[in-house]
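Take a look at the structure set out below.
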Amino acid sequence: MGGNCSREPLASGPEPLKFPPELQSDIPREPILTLPGALTAYIVVLAVIHLRVLLPPDLEYWTIEVFGFIPRRYDPTLLATPFPGGSGAKVWSFLTYSLLHANISHLGFNVLWLLPFGSAVARRFGAIRFFIFMAVTAIAGALAHLITHEHAIAPMIGASASVSGAMAAAIRFAFGRGSFLSFSRGDTNAAAQVPALSLMRALRDPRVAGFLAVWFGVNIVFGIGSIAIGADGASVAWQAHIGGFLAGLVLFSLFDPIPRAGRDAADASAPDLSDRG
């Protein structure tokens, strides 16, 4: 008997408040930053490929000549002029240039823009559609650069065309009620599933129009001013940005698995504006 009494705890005040299990499970516990697996894999690939900068200078530049996009490679008047990579590079460089970056700041800048816009697109499209979409917008950027730099011999590298395409795709649904740029945002997965506007309705939305004006304005300023980036002083291939952006904006519906909303459900302006009070 005495032994049993000694095992009982002494009273030291009221017992701590305990929530029922069902209430505890309702408390949201979202990480500060979550990335979809497809985007994480894409960024890891970019980072691993960037390790080529650790190669000896001659070999490192050889990778740029072989896998970078060189418009003059396609000049029919230079059939006798050899380029590293041969005929194969004429095919793969339309895509592989987008996986190379000049320096860590170049890579970091593209990844920074991918975090919000690429995350939304990757969640919406799923991995396979996302990877194909990024490839298509990269090719569109290369085509735009080829058309505007027909005889250029300087290699173009960087994922900016694909990043621009992801930004363009995201604005097709980003301002919809509950999406990630709206005033009534839901959780990240739900925000990425908001029905998109048709292209014509998106272009009539004042917020989309404002985004387009700023985006094109910045790129035109970069182009006209010949602004250089990074320690290497590499100029910005702004035409490739525009090519990727237009491809993402126009081809979005070919990749989008979410059914198009009706006129009322897809209205990206009125519902959110009313929530602002």
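Where a number appears in this text, it was derived from the coordinates with a stated rule and is not lab data. Owing to the predicted nature of the structure, the values given are computational and were not obtained by experimental measurement.
Annotations
- Phi-based couplings in Hz for the stretch 240-249 (Karplus 6.51, -1.76, 1.60; Gly and Pro marked x): 5, 4, 5, x, x, 5, 4, 5, x, 5
- Residue 156 long-range amide H proximity, modeled H, under 5 Å: 69, 70
- Convex hull volume per residue for the stretch 76-181, taking Cα atoms only, in Å³: 112
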